[in-house]
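Visitor: I'd like to ask some things about the structure below.
The values are calculated or read from the model by the stated rules, or taken from the named source; none is laboratory data. Just so it is clear, the model here is predicted, and its values are computed rather than measured. For neighbour counting, all protein chains shown are included, and Cβ atoms are generated from backbone atoms with ideal geometry for every residue, glycine included.
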Amino acid sequence: MYAVIKTGGKQYKVAVGDEIFVEKLAGEAGETVTFDEVLAVGGDDGITAGSDVKATVTGEIVKQGKNKKITVLKYKAKKGYRRKNGHRQPYTRVRISAIG
């Protein structure tokens, strides 16, 4: 069984036992989080999508952290112009425990 959830402006296809990286959520490691925006649920009996979906997805926060640093470089040849900018997006690692 799998579900398509929406969180942090993105959509994720998840199944029980999966670990996903999502935009930062409130809470500490070990706490339970519930995703109410379930867009679709699929299994052996087919797919349910749209307004017919009456399911929630429950997960456990594994870790709070930051992703790899994304570096943007600007360079112009023979002009002595160099710029380096970086960004680290905060994330939450969530282990999916139940779809129901």
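Visitor: Could you please find all residues in segment 57-79 being within 15 Å of VAL94 (Cα to Cα) and not acidic (Asp, Glu)?
Guide: The answer is VAL57, THR58, GLY59, ILE61, VAL62, LYS63, GLN64, GLY65, LYS66, ASN67.
Visitor: While we're here: Please identify the pairs in which a residue from segment 60-79 that is without any contact (Cβ under 8 Å) to a residue 60 or more places away in the chain has its Cβ atom under 8 Å from the Cβ atom of a residue that is hydroxyl-bearing (Ser, Thr, Tyr) and part of a loop (DSSP other than H, G, I, E, B), counting only partners at least 6 apart or on another chain.
Guide: Pairs found: none.
Visitor: While we're here: May I ask you to say which residue of ARG83, ARG93 is touching a residue at least 12 places away in the same chain (Cβ under 8 Å), among the charged types (D, E, K, R) and on the phi < 0 side of the Ramachandran plot?
Guide: ARG93
Visitor: Where in segment 13-100 are there strands (runs of 3 or more DSSP E), lying wholly inside it, with at least 1 residues that are modelled with pLDDT of 95 or more, exposed (fewer than 10 other Cβ atoms within 10 Å of the Cβ) and touching a helix residue (DSSP H, G or I) at 6+ places or on another chain (Cβ under 7 Å)?
Guide: On the way: elements: 19-23, 32-35, 38-43, 46-49, 57-66, 70-76, 81-87, 90-99.
It comes to none.
A quick yes/no check of all residues on (1) within 17 Å of LYS10 (Cα to Cα); (2) of a type in the set (A, V, I, L, M); (3) more than 16 Å from the chain's Cα centre (by Cα):
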residue: ILE20; (1), (2), (3): yes, yes, no
residue: LYS24; (1), (2), (3): yes, no, no
residue: THR32; (1), (2), (3): no, no, no
residue: ASP44; (1), (2), (3): no, no, yes
residue: LYS54; (1), (2), (3): no, no, yes
residue: LYS78; (1), (2), (3): no, no, yes
residue: PRO90; (1), (2), (3): yes, no, no
residue: ILE96; (1), (2), (3): yes, yes, no
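Visitor: Quick check, is VAL38 touching a residue at least 24 places away in the same chain (Cβ under 8 Å) and in contact with a Phe, Trp or Tyr (Cβ under 8 Å, 6 or more places away or on another chain)?
Guide: In short, no.
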